[in-house]
Amino acid sequence: MNCKSVFLGLSFLLFSFAAMAQNKKGSLEIVKDPMIDLLQQSRIVFNNTLTEDEPEVRNEKGTRGTALGFRIQIFSGSSRNEAYAIQSRFQQRYGDISTYITYTQPNYRVKVGDFRSRSEAQSFMAELKKSYPSVFLFTEQIYVYY
């Protein structure tokens, strides 16, 4: 057997397989757990509550939406217990102002208020400096009622 005949034989096999692969039509069957659809739907609902396209929430204050505004940070530290204690003390003193605890490793942060204007936030921040020495003003998405 010479190289030419081996080459021709291999070429013939290669081209025949390529031709057969092009002529085959297949079907695709997707098998998935029905819980995947449920999980996707709940994730869509959760993500929509965090955007401006959120469904309207009505309560005694009015319709809730989000806007760019200001919050005051009154605590930042690694102690979870201290963060919740500071939040509790703040709520006892200022019950009508919302508080928010976030965790970004390694720190817990306690932020307060949903202020639409910087001047409103700064005037409240001046009052808070008496009780909370290290306060900071942040611009972020806040909840507004209209």
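If you check every pair at least six apart or on different chains, which have Cβ atoms under 6 Å apart with a residue in the range 125-146 that is farther than 15 Å from Ile101 by Cα first and a residue that is part of a loop (DSSP other than H, G, I, E, B) second?
Met125/Val135; Leu128/Val135; Lys129/Val135; Tyr145/Lys61
Just a yes or no: is a residue in the range 62-81 part of a helix (DSSP H, G or I) and either at pLDDT below 90 or in contact with a Ser or Thr (Cβ under 7 Å, 6 or more places away or on another chain) (or both)?
Quick first cut of the range 62-81, residues part of a helix (DSSP H, G or I) only: 80-81.
Next, from what is left, pick out any that are either at pLDDT below 90 or in contact with a Ser or Thr (Cβ under 7 Å, 6 or more places away or on another chain) (or both): none.
No, the conditions are met nowhere in the range 62-81.
Contact list please: Cβ distance under 7 Å, first residue in the range 100-122 and under 15 Å from Thr139 (Cβ atoms) and without any contact (Cβ under 8 Å) to a residue 12 or more places away in the chain, second residue of a type in the set (Ser, Thr, Tyr) and not in a strand (DSSP E or B), pairs at least six apart or on different chains.
Listed pairs, sorted by first residue: none to list.
Of the conditions (1) touching a Ser or Thr at 6+ places or on another chain (Cβ under 9 Å); (2) closer than 30 Å to Ile44 by Cα; (3) modelled with pLDDT under 95, Glu140 satisfies every one except a single condition; which number is it?
In the conditions (1) touching a Ser or Thr at 6+ places or on another chain (Cβ under 9 Å); (2) closer than 30 Å to Ile44 by Cα; (3) modelled with pLDDT under 95, Glu140 misses (1) alone.
Considering only residues that are of a type in the set (Ser, Thr, Tyr) and either assigned to a helix (DSSP H, G or I) or modelled with pLDDT of 70 or more (or both), which ones fall in the range 1-53? First the steps, then the outcome.
Of the residues in the range 1-53, the ones of a type in the set (Ser, Thr, Tyr) are 5, 11, 16, 27, 42, 49, 51.
Answer for the range 1-53, where residues must be of a type in the set (Ser, Thr, Tyr) and either assigned to a helix (DSSP H, G or I) or modelled with pLDDT of 70 or more (or both): Ser5, Ser11, Ser16, Ser27, Ser42.
Out of the residues in the range 97-133 meeting the condition of being in contact with a strand residue (DSSP E or B) (Cβ under 8 Å, 6 or more places away or on another chain) and part of a loop (DSSP other than H, G, I, E, B), tell me which one is surrounded by the fewest Cβ atoms within 10 Å (Cβ to Cβ).
Selected residue: Ser117.
The values are calculated or read from the model by the stated rules, or taken from the named source; none is laboratory data. Treat the numbers as computed from the prediction; the structure is a model and nothing was measured. Because the Cβ atoms are built from the backbone with ideal geometry, glycine has one as well, and the counts that use them run over all protein chains shown.
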